[in-house]
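Below: one structure, written as structure tokens.
The values are calculated or read from the model by the stated rules, or taken from the named source; none is laboratory data. Everything quoted here is computed from the prediction, not taken from an experiment. A quick note on method: Cβ atoms are made from the backbone with ideal geometry, for glycine too, and the neighbour counts reach across all protein chains shown.
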Protein chains: 2
Amino acid sequence: MSNPEDNPIRKSPVPLEQCGAALAFDIVSDRWTWLILREMFYGVGRFADIQDEIGIPKSVLSGRLSQMIENGLVEKEPYRDGSARTRHAYVLTQKGRELTPVILALMQWGDKHLKDGKRALDITDKRTGTPLKVAIVPEGGALPLRRLTYTPIWDTPENKV
Amino acid sequence: MSNPEDNPIRKSPVPLEQCGAALAFDIVSDRWTWLILREMFYGVGRFADIQDEIGIPKSVLSGRLSQMIENGLVEKEPYRDGSARTRHAYVLTQKGRELTPVILALMQWGDKHLKDGKRALDITDKRTGTPLKVAIVPEGGALPLRRLTYTPIWDTPENKV
DNA sequence: GGCCTGAGTTCTTATGTCAAACCCAGAAGA
DNA sequence: TCTTCTGGGTTTGACATAAGAACTCAGGCC
């Protein structure tokens, strides 16, 4: 939203309470929340696994998860591994999953500007194998999330330096 | 990245330090930073205007701006309004501007899930007037940022309730 | 029953945020 | 020249939250 003159705009054209982005920052804005979302995006959902991988204090994780459940991004789902007891994993709700374009856009940005430009994750169309990315495009034509296939490529030989 | 069985994945396939998203969370990591980015996305760049609109303490704003300058997201640019002195506004660098798809994706998400679904900002192709959005699509075909036109629509009659 | 693993919770200390007071710089006007 | 005003910060102390470590609880197995 550039101003043809050099003078900065004095007030944003959309007030905070009408702006979806500003409202979203109340819910998804701190580093831990993002990191937790990333873990769940990858399918990691056990308390200890999340905690281990991102190195978050347990009390902080517990608090964030509660918040994310309350905000409808995450829910607790029972699962069993073998004969052990019923356990619970944290998984993204549909509402949480719809943050996928945001996470992927941030990933693209980070790959380009904070790394060497190489992506660590290939995203392709499940049906056609076409490589995908996040972009600003004419409305319509976006693939539904269930059509996405993710392929980690970080540990292929080219990526090992 | 769903797991066909019900067992959660134990470890994300891309380690933190290889994941562009995780790296980005170190840089854009708190609510104030996001809110400031949003202001600048809209072209608001004067210290006092940012401070007024998002209600951030001056010391916090000052510190965040310094960080964002250091991280290359923002730079200070001189400008003049009329005959007054040269002043400085904070503007997004190219690196910062390339967070536009992230901000817009978050806005779309927020409009849908935290509001009534109505967007407050129309995005259209400068050349064709085609409505645009953020989506996951085949590579290629994304519009460059300079082709985007933003039109606030929040205060049209339908939006006044 | 005890032991183990996993999922938290609690408490103390460290760090960040916030509000208010303060400072500096440049321009305009008397 | 001096004074006032606007704008852009900086500093300080109180308060809130985060972080680290210790602890508790629950369920299953031997």
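Have a look at A:Glu17, A:Glu39 and point out the one that is within 16 Å of DNA strand D (Cβ to nearest atom) and either of a type in the set (Asp, Glu) or in contact with a Gly (Cβ under 6 Å, 6 or more places away or on another chain) (or both).
Numbers: A:Glu17 fails: within 16 Å of DNA strand D (Cβ to nearest atom).
Every option except A:Glu39 fails the conditions.
Among the residues of segment B:35-53, is any assigned to a loop (DSSP other than H, G, I, E, B) and touching an Asp or Glu at 6+ places or on another chain (Cβ under 8 Å)? Within segment B:35-53, one or more residues are assigned to a loop (DSSP other than H, G, I, E, B) and touching an Asp or Glu at 6+ places or on another chain (Cβ under 8 Å).
In the set B:Leu114, B:Leu106, B:Leu121, only one residue is within 22 Å of A:Lys112 (Cα to Cα), surrounded by 13 or more Cβ atoms within 10 Å (Cβ to Cβ) and more than 16 Å from DNA strand C (Cβ to nearest atom); that residue is B:Leu106. Checked against (1) among the small types (Gly, Ala, Ser); (2) under 29 Å from A:Leu16 (Cα atoms); (3) facing chain B (nearest Cβ under 7 Å), A:Gly45 passes all but a single condition, namely (2). When the test is whether a residue is within 9 Å of DNA strand C (Cβ to nearest atom), small (Gly, Ala, Ser), more than 17 Å from the chain's Cα centre (by Cα) and at pLDDT 90 or above, A:Gly55 does not pass it. For residues in segment A:77-94 being modelled with pLDDT of 90 or more and either assigned to a loop (DSSP other than H, G, I, E, B) or surrounded by fewer than 17 Cβ atoms within 10 Å (Cβ to Cβ) (or both), which is farthest from DNA strand D (Cβ to nearest atom)? By that ranking, first place goes to A:Gln94.
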